[in-house]
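Okay, structure first, notes after.
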Amino acid sequence: MKEDFENFEVDKSEPVMSDSNLQCYKTNLEYEEVKNKYSEYFSGQLLDDFMTSYFYDYDGTFCVFFSGGASGSVVDDVVATLKSQDGNIYNYDVVYAFYHGTATEPSQEESTFSLEINSDGYRLLDTEVAYPMSDYTDFE
């Protein structure tokens, strides 16, 4: 966040509760300002899902969730294979190992995602997974 918004600050003095009854904290940013920034990376329903999964709109104020720790889930050995290309839109099939909780053996998972390559880099258009694929992916 601090990379995208120079003066980003979180006010932990007065937590607010989200509609789903999760504790979050107000920031000094407007929700729409942050949503506009993330629209450079996500689009459509994926943008809305991303924003509501990680952030909260409290009367126009951008709020962040703080949880009590890691989920215990691990994504590893991700391989994304180009399935098709239409202009600057690339569609990938994804295979990855998913470890949940204390599992010592992963489950093999499959998914898809599409991204658009543009002059500013890339933007995710849609995906079947909630993980930030760019953190885990080796493109083939």
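The values are calculated or read from the model by the stated rules, or taken from the named source; none is laboratory data. Remember, predicted model here, so these are calculated numbers, not experimental data. Every residue, glycine among them, receives a Cβ derived from its backbone with ideal geometry; neighbour counts consider all protein chains shown.
Considered as a group, the residues in the stretch 43-77 that are among the aromatic types (Phe, Trp, Tyr) and modelled with pLDDT of 85 or more include one that is nearest to the chain's Cα centre (by Cα), and that residue is Phe55.
Looking at Glu30, Glu40, can you tell me which residue is modelled with pLDDT of 80 or more, closer than 19 Å to Arg123 by Cβ, charged (D, E, K, R) and surrounded by 12 or more Cβ atoms within 10 Å (Cβ to Cβ)? Give the steps one after another, and end with the answer.
Working: Glu30 fails: closer than 19 Å to Arg123 by Cβ.
Only one candidate qualifies: Glu40.
For a quick check of your reading of the model, give me the residue pairs whose first member lies in the stretch 115-134 and is hydroxyl-bearing (Ser, Thr, Tyr), whose second is modelled with pLDDT under 75, with beta-carbon atoms closer than 8 Å and at least 6 apart or on different chains. Once the first residue is hydroxyl-bearing (Ser, Thr, Tyr) and sits in the stretch 115-134, its partners that are modelled with pLDDT under 75 give Thr127/Met133; Tyr131/Val75. Could you please let me know if Gly60 is free of Cβ contacts under 8 Å to residues at least 40 places away in the same chain, in contact with a helix residue (DSSP H, G or I) (Cβ under 8 Å, 6 or more places away or on another chain) and surrounded by fewer than 14 Cβ atoms within 10 Å (Cβ to Cβ)? Taking the combined requirement at face value, the residue satisfies it.
Only one entry in Ala80, Ala130 is assigned to a loop (DSSP other than H, G, I, E, B) and modelled with pLDDT under 85, namely Ala130.
Taking each residue of the stretch 29-55 that is in contact (Cβ under 8 Å) with a residue 24 or more places away in the chain and looking for partners that are surrounded by 14 or more Cβ atoms within 10 Å (Cβ to Cβ) and of a type in the set (Lys, Arg) with beta-carbon atoms closer than 8 Å, six or more apart or interchain, yields Glu40/Arg123; Tyr41/Arg123; Phe42/Arg123; Ser43/Arg123.
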